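Participant: Questions regarding the structure given below will be posed in turn.
The values are calculated or read from the model by the stated rules, or taken from the named source; none is laboratory data. What you see is a predicted model; the values in this text were computed from it and never measured. Every residue, glycine among them, receives a Cβ derived from its backbone with ideal geometry; neighbour counts consider all protein chains shown.
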2 protein chains.
Amino acid sequence: MPRRHCARHGLREQVGRWTEPRDVILDVLSRSKGHLSAKEIYDALYSSHPGIGLTTVYRTLELFRRLGFIQKVASPDGQARYELRTEENKGHHHHLICLRCGKIIDYQDFADEELELVKKTEKALAQKHNFLILDHNIEFLGLCDKCRQAAGDI
Amino acid sequence: MPRRHCARHGLREQVGRWTEPRDVILDVLSRSKGHLSAKEIYDALYSSHPGIGLTTVYRTLELFRRLGFIQKVASPDGQARYELRTEENKGHHHHLICLRCGKIIDYQDFADEELELVKKTEKALAQKHNFLILDHNIEFLGLCDKCRQAAGDI
DNA sequence: TGTATTAATGAAAATGATTTTCATTAACTT
DNA sequence: AAGTTAATGAAAATCATTTTCATTAATACA
């Protein structure tokens, strides 16, 4: 069985058993640029590994999230989407989301300016509302290139 | 039948028929400070109007959203929540969301600073990704006062 | 290198929010 | 006041996700 990612990520110590599904799902995630839904991962795997069930995909994604390997993003089309955490995107949750097809695009621009404002806001809000702030989200919603055309450019 | 809100909001022209469920649901929304889920609205109505079904609540919320009277916010607990659009909150979608109970708090602080950054970012992103930006969301996720205590303040 | 242990899997059923269907009711038109 | 048809409510359908449980297989250990 391929141990590609197991060695690569030093997972052995953190996960009970390193299995084929976990290996292949991590592989799909690292191959893909964008954010994939559970169903999309299941479909991508189906031709090469028809045995892997959707249940396992969900369970594995939840495991990876717990381990901090991936980030889960709620998409307005109802399916959650997941992306591998990399050095670049670590700590950033800034997205461009298409309301029509659910596609999610990361952006890095203005990250510094945003971060400054976010930190300032965070501190003030935590105090004012006695809230323990653990995370934040900044997202822009609209229509992606493809869907603008499909929708007759509105 | 009470026509309270029908007159108040000048709805008659915009909606086909003004009905009791629509009237009462709008009433609940305008009475409530926070963001209510469909189920919460249904429950709030149950004692005084046991006849009104959950289906109608959903349909009415969708109508109100189409008309621009309310704003729908996705909550991480899985249920969408809705708030009446008022003069103050119009154009702002800035929320403090509790990951444990789903409670949503609006905030206005830093709205001006945020808006400036948002506009700048929006323009640049729209151009770079050929995206038609229709809306944005800024949210802070964490634990509300009550849930911090329930969770032993972590 | 087998073999036992038990974590991980997959199929099917369960869940929970939301949507659809369809026969009935009632708001508005005339 | 009566007809038209939009709106309703109950039940069924959907859809993403979770749970259950019997089976499989990764690791430990003899």
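Participant: Taking A:Arg3, is it at pLDDT 90 or above and more than 10 Å from DNA strand C (Cβ to nearest atom)?
Facilitator: no
Participant: Does the stretch B:6-31 hold any residues that are modelled with pLDDT of 90 or more, surrounded by 11 or more Cβ atoms within 10 Å (Cβ to Cβ), not aliphatic (A, V, I, L, M) and not in a loop (DSSP other than H, G, I, E, B), and which are they?
Facilitator: If the condition is that a residue be modelled with pLDDT of 90 or more, surrounded by 11 or more Cβ atoms within 10 Å (Cβ to Cβ), not aliphatic (A, V, I, L, M) and not in a loop (DSSP other than H, G, I, E, B), then B:Glu20, B:Pro21, B:Arg22, B:Asp23, B:Asp27, B:Ser30 are the ones that fit.
Participant: Answer yes if at least one residue in the stretch B:72-83 is more than 30 Å from B:Val15 (Cα to Cα) and more than 8 Å from every other protein chain (Cβ to nearest Cβ), and no otherwise.
Facilitator: Within the stretch B:72-83 (the criterion being more than 30 Å from B:Val15 (Cα to Cα) and more than 8 Å from every other protein chain (Cβ to nearest Cβ)), the answer is yes, since at least one residue qualifies.
Participant: Could I ask something else about it? Report whether or not B:Gly68 is on the phi > 0 side of the Ramachandran plot and under 14 Å from the mean Cα position of the chain (by Cα).
Facilitator: Yes, satisfied.
Participant: Just the residues that are free of Cβ contacts under 8 Å to residues at least 60 places away in the same chain, under 20 Å from A:Gln127 (Cβ atoms) and hydrophobic (A, V, I, L, M, F, W, C), please, taken from the stretch B:102-133.
Facilitator: Of everything in the stretch B:102-133, those that are free of Cβ contacts under 8 Å to residues at least 60 places away in the same chain, under 20 Å from A:Gln127 (Cβ atoms) and hydrophobic (A, V, I, L, M, F, W, C) turn out to be B:Phe110, B:Ala111.
Participant: Looking at B:Gly102, B:Gly34 in this structure, which one is more than 10 Å from every other protein chain (Cβ to nearest Cβ), more than 16 Å from DNA strand D (Cβ to nearest atom) and modelled with pLDDT under 90?
Facilitator: After ruling out the rest, the residue left standing is B:Gly34.
Participant: Now a separate question. Looking at the structure I just gave you, is B:Pro21 touching a Ser or Thr at 6+ places or on another chain (Cβ under 6 Å), over 22 Å from B:Asp135 (Cα atoms) and not assigned by TED's automatic domain parsing to the domain that holds B:Lys119?
Facilitator: Taking the combined requirement at face value, the residue satisfies it.
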